[in-house]
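*Asks:* Here's a structure for you.
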Amino acid sequence: MSSPFQLGRAEAYPIPTREAVSTDKAPKAIGPYSQGIKAGDFVFTAGQAGVDPATGKFIEGGVAGQTRQTLKNIQAILEAAGTSLDRVVKCGVFLQDMADFSAMNAVYAEFFPPDKNPPARTTVQAAKLPLGALVEIDAVALIK
């Protein structure tokens, strides 16, 4: 009896494709990593901060301003990968100070409204974020 799922047969487990995603509408990587990676039916973004891609500088406005720009940067990467914020299934949020949670959360809800099945999320305080960022966010989204 033949079946598409056969234990022990390597050819039964296709290796997902892996492709880098890059856009000039999000900040350039500051190290040896990609802005995003498409793998199979998903795109994984690198952690993004509230940096204006045109100037390379942090947006003013504290954690709220940086959260808004961070999510715009993620949106640009997702669009370059052929998907969008409404296809995000998981986010990781890293705050320099957990006291900024409410301000970050208010802006986050603008991009992921509570009544629209927002993605799963983890939020933690980090001892220190790259370049002194107040917030960093990464995302995983469906492509198809």
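*Asks:* Please give the length that would be gained between Thr17 and Asn105 if that part of the chain were fully extended, namely 0.36 nm times their separation in residues minus their C-alpha to C-alpha distance (nm, one decimal). Write down the numbers at each step before the final one.
*Replies:* Values: separation 88, 0.36 × 88 = 31.68 nm, distance 3.41 nm.
Taking 0.36 nm per residue and subtracting the Cα distance, the gain is 28.3 nm.
*Asks:* Report the residue, chosen from Ile30, Ile59, Ile74, that carries the largest GNM mean-square fluctuation when the chain is represented by alpha-carbon nodes joined by springs under 10 Å.
*Replies:* So, out of Ile30, Ile59, Ile74, the one fluctuating most is Ile30.
*Asks:* Which residue, Lys72, Lys116, Lys38, has the most motion in a Gaussian network model of the chain that connects Cα atoms within less than 10 Å?
*Replies:* Residue with maximal mean-square fluctuation among Lys72, Lys116, Lys38: Lys116.
*Asks:* Amide H to amide H under 5 Å from Arg121: which residues, 5+ apart in sequence or cross-chain, H placed 1.01 Å off N in plane?
*Replies:* The list, which skips near neighbours in sequence, is Cys91.
*Asks:* Related question: Out of residues 5 or more away from Leu134 or on other chains, whose amide H comes under 5 Å of its own, with H placed 1.01 Å from N in the peptide plane?
*Replies:* Under 5 Å from the amide H of Leu134: Gly50.
*Asks:* With +1 on each Lys and Arg Cβ and -1 on each Asp and Glu Cβ, and nothing else charged, work out how big the dipole of region 16-142 is about its Cα centre, in Debye to the nearest 20.
*Replies:* Around 200 debye, computed over region 16-142.
*Asks:* Neighbouring Cβ atoms within 10 Å as the yardstick, rank Leu129, Leu134 fewest first.
*Replies:* Values: Leu129 16, Leu134 24.
Fewest-to-most ranking of Leu129, Leu134: Leu129, Leu134.
*Asks:* Now for a different question. May I ask for the angle, rounded to the nearest 10°, between helix 101-111 and the longest principal axis of the chain, with both axes built from Cα atoms and the value confined to 0 to 90°?
*Replies:* Long axis of 101-111 versus the principal axis of the chain: about 60 degrees.
*Asks:* Oh, and also: With springs only between Cα atoms under 10 Å, which of Ala133, Ala81, Ala54 fluctuates most in a Gaussian network model of the chain?
*Replies:* Ala54
*Asks:* Which is the longest stretch in the chain that no exposed loop site breaks, taking sites as chymotrypsin sites (Phe, Trp or Tyr not before Pro) with a DSSP loop state and at most 12 other Cβ atoms within 10 Å?
*Replies:* Values: sites that count: Phe5, Tyr33.
Result for the longest clean stretch: 34-144.
*Asks:* Mind listing the phi-derived Karplus ³J(HN,Hα) values for region 47-62, rounded to whole Hz, using 6.51, -1.76 and 1.60 with θ = phi - 60°, and x for any glycine or proline?
*Replies:* So the Karplus estimates, Gly and Pro as x, are x, 10, 10, x, 9, 6, x, 6, 9, x, 10, 5, 6, 7, x, x Hz.
*Asks:* Follow-up. Computed on alpha carbon atoms, what radius of gyration and Dmax characterise the chain, expressed in Å?
*Replies:* Computed over the Cα atoms of the chain, radius of gyration and Dmax are 17.2, 64 Å.
*Asks:* Then there's this: Could you pull out every residue, at least 5 positions away or on a different chain, whose amide H is within less than 5 Å of the one on Val21? Hs are placed 1.01 Å off N in the peptide plane, and Pro or chain starts have none.
*Replies:* Answer set, sorted by chain and number: Gln35, Gly36, Ile37, Lys38.
*Asks:* I need the phi-derived Karplus couplings for region 72-79: 6.51 cos²θ - 1.76 cosθ + 1.60, θ = phi - 60°, integer Hz, Gly and Pro marked x.
*Replies:* Using θ = phi - 60°, the values come out as 5, 5, 4, 4, 5, 5, 4, 5 Hz.
*Asks:* Given a Förster radius of 22 Å and the C-beta distance between Asp41 and Ala120 as r, what FRET efficiency does 1/(1 + (r/R0)^6) yield to the nearest 0.05? Mind dumping the intermediate values first?
*Replies:* Working: r = 17 Å, r/R0 = 0.77.
Given R0 = 22 Å and the Cβ-Cβ separation, E is 0.85.
*Asks:* A further question on this structure: Output ³J(HN,Hα) for region 122-137: one whole-Hz value per residue in order, computed from phi by the Karplus curve 6.51 cos²θ - 1.76 cosθ + 1.60 with θ = phi - 60°, and x for Gly and Pro.
*Replies:* These are the phi-based 3J(HN,Hα) values: 10, 10, 9, 8, 9, 4, 7, 10, x, 6, x, 4, 8, 8, 9, 9 Hz.
*Asks:* Oh, and also: Extension gain Lys144-Met98, at 0.36 nm per residue separation less the Cα-Cα distance, in nm? Please list the in-between numbers first.
*Replies:* Working: separation 46, 0.36 × 46 = 16.56 nm, distance 3.44 nm.
Roughly 13.1 nm would be gained on extension.
Only the coordinates and a few stated rules stand behind these numbers; no lab work does. Predicted, not measured: the structure shown is a model, and the values here were computed from it. Please note: Cβ atoms are built from the backbone with ideal geometry, for glycine as well, and neighbour counts cover all protein chains shown.
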